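Working notes for the structure below.
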Amino acid sequence: MRLTELDTPCLLLDLDRVEWNIARMAAFFAERPAKLRPHFKTPKTPEVARRQLAAGAIGITVAKLGEAEVLADAGLGPILVANQVVGAPKLRRLVTLLARGVDITVAVESEANVREIAAAAREAGVTAQAIIEVDSGMHRCGTVSPAETVALARLLGESGIRYRGIMGYEGHAVLLPAEERQLKAEAALTIVSAHVEALLEAGLAPEIVSVGGTGTYAIAGSWPGVTEVQAGSYVFMDGRYQQMLPVEFESALTLLTTVIAVRGEYAVCDAGMKSLTNEFGAPKSVDGRLVASRLSEEHAHLTGEGVAGLAVGDRVEILPSHGDTTLNLNSVYHVRRGDEVVAEWPILGARKYH
Ligand SMILES: Cc1ncc(COP(=O)(O)O)c(C=O)c1O
């Protein structure tokens, strides 16, 4: 099928570019002690995760159990939930995965959560596995003092949970300009190292030290003691990331739309906030000549120098400013090579909030 035959709005995924991004990131990690455990929050399809694993990734990172279930059903892993799994309904699903033999490790950062995981695992007769999330400066989740981390590592052992290490995510650094990013990332990684040091002194050597995102992969991947990096966005490179790291990876995800009205200074296309997000700034057309400057539910106002040449029925390909939230609103990738649609991949991890 040709791209011109597709109905709009629809997501296009450029497979050549995805393969390039996977190969490029894999090459970075190939000769290093640190490895890649790419974050599934970006591709949300096993088709991409499978390719990342085939290229050398040591496992997959997820944010939600629902994403873990998608991977487990596809037979992919080992899985790291880089997030807290809290409350009985989720723990029932966690122990079900463990009972199926899925290699899944969760992050913990509170005593209460460790105790409820331990109780759920005991009741189900399975062994849970956990790493401790450290707050490396983002001030989201995470232990603050190394003493707190050591105490939690001890509690894991006492509770029958397999203690595997620690993680930190320097999300406050990943999208900063280069120099500032370097400094903030180094400060964050220094905090993680202090926690590692305390664990070593306590005889609790971490097997996993998991950090990093796309904006900091090179800094994090070269940091002493780091065993893995959780970068996710690199595989699609949305508009905002493309501004930060323009030469390293290629933008692979676009939204194909149709112009439905041309009204002088502006035109209107058929994608609104139900298929495209703008919290990271107004998305632009791939050629940069049009800006989706206003979104309503099913319409986008297109402004900019490209409006002059537009006619009703024209196709406009938009580069999402935030890929992860845009693709989460959609259900399928139309996988392209050039102008040919070569596959359709359901976005199985979309809207897995639980
Ligand atoms: C815990 C965690 N790790 C890794 C990432 C991946 O970051 P990036 O999108 O910069 O690749 C994220 C992104 O939200 C995250 O929350």
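Figures for the structure shown
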| read-out | value |
| --- | --- |
| Where G203 falls short, out of the listed (1) loosely packed, with under 15 Cβ neighbours inside 10 Å; (2) of a type in the set (G, A, S); (3) out of contact with any helix residue (DSSP H, G or I) (no Cβ under 8 Å at 6 or more places or on another chain); (4) assigned to a helix (DSSP H, G or I) | (4) |
| Tally of residues being more than 21 Å from V134 (Cβ to Cβ), of a type outside the set (A, V, I, L, M, F, W, C) and either part of a loop (DSSP other than H, G, I, E, B) or not assigned by TED's automatic domain parsing to the domain that holds V211 (or both) across the stretch 60-105 | 6 |
| Long-range neighbours under 9 Å by Cβ, at least six apart or interchain, first residue not assigned by TED's automatic domain parsing to the domain that holds P206 within the stretch 130-141, second outside any strand (DSSP E or B) | none |
| Candidates L91, L12, filtered to the one that is within 30 Å of E340 (Cβ to Cβ) and either buried (at least 19 other Cβ atoms within 10 Å of the Cβ) or more than 18 Å from the chain's Cα centre (by Cα) (or both) | L12 |
| The stretch 219-247 - residue that is near the ligand (Cβ under 9 Å from one of its atoms) and of a type in the set (A, V, I, L, M, F, W, C) and, of those, surrounded by the most Cβ atoms within 10 Å (Cβ to Cβ) | V229 |
| Of all residues making up the stretch 308-342, the number that are of a type in the set (A, V, I, L, M), within 28 Å of K64 (Cα to Cα) and touching a helix residue (DSSP H, G or I) at 6+ places or on another chain (Cβ under 8 Å) | 2 |
| Of all residues in the stretch 23-41 being within 16 Å of the ligand (Cβ to nearest atom) and surrounded by fewer than 24 Cβ atoms within 10 Å (Cβ to Cβ), the one that is farthest from Y169 (Cα to Cα) | R24 |
| Selection status of V268, out of contact with any Ser or Thr (no Cβ under 8 Å at 6 or more places or on another chain), free of Cβ contacts under 8 Å to residues at least 60 places away in the same chain and buried (at least 18 other Cβ atoms within 10 Å of the Cβ) | yes |
| Residues being free of Cβ contacts under 8 Å to residues at least 40 places away in the same chain and within 16 Å of the ligand (Cβ to nearest atom) - total across the stretch 82-112 | 4 |
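The values are calculated or read from the model by the stated rules, or taken from the named source; none is laboratory data. It should be emphasised that the depicted structure is a prediction, and the values quoted were computed from it without experimental measurement. Neighbour counts are summed over all protein chains in view; Cβ atoms, including those assigned to glycine, are modelled from backbone coordinates with ideal geometry.
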